[in-house]
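Input: a single structure, listed below in structure tokens.
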Amino acid sequence: MERRDFLKSAAAGTLSMTIAAKAFGADVFYPTGVDKTLFQTFNRVKDPANKTPLEKSHAPFISSPAKVKAGEPFVVEVSVGENLHVMGPTHWIEYIELNIGNEPAGRIDMQPRGNLKPKATFNVVLAKEDAPNGKVTLIARQRCNLHGLWESGMDVEVA
């Protein structure tokens with residue numbers, strides 16, 4: 001066998017093995033089917049009265065007082081879903097973040113291993129200037145490795 005023929009067959013074999021490994025590897029690491037449309041934009045609850053099981057386990061759930069005093073700290077808890085999202089090596093929450101309007105307030109990054117509960121607690125202080133019309137919107141976001149980016153919001157009155 002000439003050197004040129006050997007190199008051609010080695011390159012072709014390597015290419016075919018790489019393609020086969022990518023095609024079959026996804027089934028091993030991600031046995032649950034992935035809906036690619038969930039990764040196109042922010043996902044939100046469409047009908048709060050009739051949430052789907054996916055919305056119940058993925059939409060961020062914000063726990064906060066409805067009314068706060070300017071300059072005084074308060075606690076905002078964000079959990080992933082009303083039914084707490086499961087965490088495992090093939091299906092996990094990558095991060096949870098909280099924004100006050102468009103301004104970032106905090107973020108927690110998570111790992112796919114360990115015994116984690118997808119919850120985050122943020123200590124927040126709002127100034128009177130943060131709410132010129134008396135209200136501010138808290139926006140929570142989370143990203144699931146299989147179901148994309150999810151967002152929820154809650155208005156808080158600032159006195």
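The values are calculated or read from the model by the stated rules, or taken from the named source; none is laboratory data. All of these numbers come straight from a predicted model, not from anything done at the bench. Cβ: placed from backbone, ideal geometry, glycine included. Neighbour counts: every protein chain shown. The protein model used for the area step is the full one, side chains on, heavy atoms only, and it has no ligands, DNA or RNA in it. Shrake-Rupley method; radii C 1.70, N 1.55, O 1.52, S 1.80 Å.
Structure notes:
- Pick from segment 109-123, criterion assigned to a loop (DSSP other than H, G, I, E, B) and aliphatic (A, V, I, L, M), ranking: surrounded by the most Cβ atoms within 10 Å (Cβ to Cβ): Met110
- Identity of the residue in segment 64-95, in a strand (DSSP E or B) and crowded, with 20+ Cβ neighbours inside 10 Å, that ends up farthest from the chain's Cα centre (by Cα): Val68
- Answer residue from segment 96-108, given it is open to solvent by less than 100 Å² (accessible area, probe 1.4 Å) and not in a loop (DSSP other than H, G, I, E, B) and is farthest from Lys135 (Cα to Cα) among those: Ile108
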